[in-house]
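Engineer: Below are the structure tokens for one structure; questions will follow.
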Amino acid sequence: MVESNYDILGIVEGTTEKDIRDAFRRLALQFHSDRGGENEQFIKIKQAYDDLKIGKKYPDTDIEKIKNSRVYSDESEEDVRRKNQILGQELSKEMKTAEEWVTALNQSNSTDRRLFGSKTLGEIELERKASGALSIKGNFMAGSLTYDGPIIMQGSITSPSWTQEFKTNIHLTKGDFKFINPLENKYKIENGAKIIVDNGNAVVGNIYGRKYRVEDKEGRVGIFQIQEHRTSISAPNGKIIAEDIVNTVSLFADTIIVLNVEQDSILSAREILFYGGKLTFDCIIKLKVNGSIRFFENFSIQGLSGDAIIELENGKKIRLFDLKTKKIRDLSDEFISNRENYSKDATLVGNGFIITYDMLDNLSKKQETKQKTNWSSRFGFSKN
């Protein structure tokens, strides 16, 4: 049973204003911290008194407190975490309802549109179209959604960083996942969200993870933990097409097409195409058997760190430096047949040159040199 403001002050409903005031003063004297009382109980009593002065019978629920609250600099981390926990829980409930709703529409092959969430939590509009595609308008902030069809997204995707329980997890069992003009609209995926596209492509914009340092709770200098929220997108049978990949991100697909890759990001695919000029030292490229990598930067490859690692499926690891310094003309004959088409200084990295898995696996293999003809064989003489 919910405790009313009358219950908190120990009075009955219908009590006069004077009796309400007297009850508050009596309890305030008892629980005020200056008199050795509990500060939390005093705050509760004071709030009940303020509520009754404006005719409010019950105190705010946790959701109402969040709705009416403002963020103050002196708010404790525990308070922030508690509020976010409530928000995450409510959003997850809404997305569970949304998933059941779209599943029913899919099963009956019906179309409909509906808002989920609230003005407090943030509203998101879902619409199942006649084509079977699910349109999502609004920011997806927490909870799971599985859909048996393509999704068209107009909004950003994030995930709560305070709990594992309500993490954002979007799963398509078939069809493509696509953002509508992500760069123009500044849509992004961030903060540990997870998207899985079983049998389709993922066409997105910028993707960000999050990694930060948590200082020691006891205040010990130099003692800290690294908290990581890795954003993950998987399209094992399709393509991932993205822009900038930044700070603790993992991509897994058959083909990955990206611009720039930075800060502890991992790409795993059979075919990887880089169109930008930035790849930082702490990134890893995992290449599958029979795969290839292409770097299309044709102006300067200085921003592609030589310390970035390419890891083959057989476990072999190669520094990008080895590719940036390897001349195309020095490749073994089995990997290049038209070496005369490349300048003497052209390296494997840049201008879209196709670097194959087998080429990387045999990178140390040198071009066979033709044996020079000596004077004795030229005239048919034998050394014997």
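Any read-out appearing in this document is the output of simple, stated calculations on the displayed coordinates, not a laboratory observation. Small disclaimer: the values here were computed from a predicted structure and weren't measured. Backbone-built Cβ (ideal geometry, glycine too); neighbour counts: all protein chains shown.
Engineer: Bins of 10 Å, beginning at zero and ending with the bin holding the largest distance: percent of Cα pairs per bin for the stretch 125-219, please.
Structural biologist: 16, 46, 26, 7, 4, 1
Engineer: Residues with beta-carbon under 11 Å from that of Ser4, excluding Ser4: net charge, scoring Lys, Arg +1 and Asp, Glu -1?
Structural biologist: With Lys, Arg at +1 and Asp, Glu at -1, the net is -2.
Engineer: Hey, another quick one. If each residue's Cβ is checked for other Cβ atoms within 10 Å, how do Ser92, Ser110, Ser159 rank with the fewest at the top?
Structural biologist: So the ranking, lowest neighbour count to highest, is Ser110, Ser92, Ser159.
Engineer: Where does the stretch 114-361 land on the Kirkwood hydrodynamic radius, alpha-carbon pairs, in angstrom?
Structural biologist: Mean inverse Cα-Cα distance, inverted, gives 19.6 Å.
Engineer: If the limit is 31 Å between Cα atoms, which of Lys186/Lys317; Lys174/Lys278; Lys129/Lys239; Lys188/Lys327; Lys57/Lys167; Lys129/Lys211 go over it?
Structural biologist: Lys186/Lys317; Lys174/Lys278; Lys188/Lys327; Lys57/Lys167; Lys129/Lys211
Engineer: If you don't mind, another one. When Lys and Arg each count +1 and Asp and Glu each count -1, what net charge do the other residues less than 14 Å away from Asn109, Cβ to Cβ, add up to?
Structural biologist: 0
Engineer: Also, quick follow-up: In whole Hz, what ³J(HN,Hα) sequence does the stretch 43-54 give by Karplus (6.51, -1.76, 1.60; θ = phi - 60°), x for Gly and Pro?
Structural biologist: After applying 6.51 cos²θ - 1.76 cosθ + 1.60, I find 4, 4, 5, 4, 5, 5, 5, 4, 5, 5, 5, 9 Hz.
Engineer: Using θ = phi - 60° and the Karplus relation 6.51 cos²θ - 1.76 cosθ + 1.60, list the HN-Hα couplings for the stretch 318-324 in order, rounded to whole Hz, with x at every Gly or Pro.
Structural biologist: In residue order, the calculated couplings are 10, 6, 4, 3, 5, 7, 5 Hz.
Engineer: Using θ = phi - 60° and the Karplus relation 6.51 cos²θ - 1.76 cosθ + 1.60, list the HN-Hα couplings for the stretch 272-287 in order, rounded to whole Hz, with x at every Gly or Pro.
Structural biologist: These are the phi-based 3J(HN,Hα) values: 10, 10, 9, 10, x, x, 10, 9, 7, 4, 9, 9, 10, 10, 9, 9 Hz.
Engineer: Still on this structure, please answer the following. How would you rank Ile152, Ile223, Ile285, going from fewest to most other Cβ atoms within 10 Å of each one's own Cβ?
Structural biologist: Ascending Cβ contact count within 10 Å gives the list Ile223, Ile152, Ile285.
Engineer: Shape call for the stretch 5-59 from the C-alpha gyration tensor, a ≥ b ≥ c root eigenvalues: rounded (a/c under 1.5), prolate (a/b greater than b/c) or oblate?
Structural biologist: Judged from the Cα gyration tensor, the stretch 5-59 comes out prolate (a/c at least 1.5, a/b above b/c).
Engineer: Continuing with the same structure: As an exercise, identify the trypsin sites (Lys or Arg not before Pro) in the stretch 187-257 lying in DSSP coil whose Cβ has no more than 10 other Cβ atoms within 10 Å.
Structural biologist: Of the trypsin sites (Lys or Arg not before Pro), the ones in loops of the stretch 187-257 whose Cβ has at most 10 other Cβ atoms within 10 Å are Lys217, Arg220.
Engineer: Here's something else I'd like to know. Determine by what factor the alpha-carbon radius of gyration of the stretch 211-337 differs from 2.2 N^0.38 Å, reporting the quotient.
Structural biologist: Dividing the Cα Rg of the stretch 211-337 by 2.2 N^0.38 Å gives 1.23.
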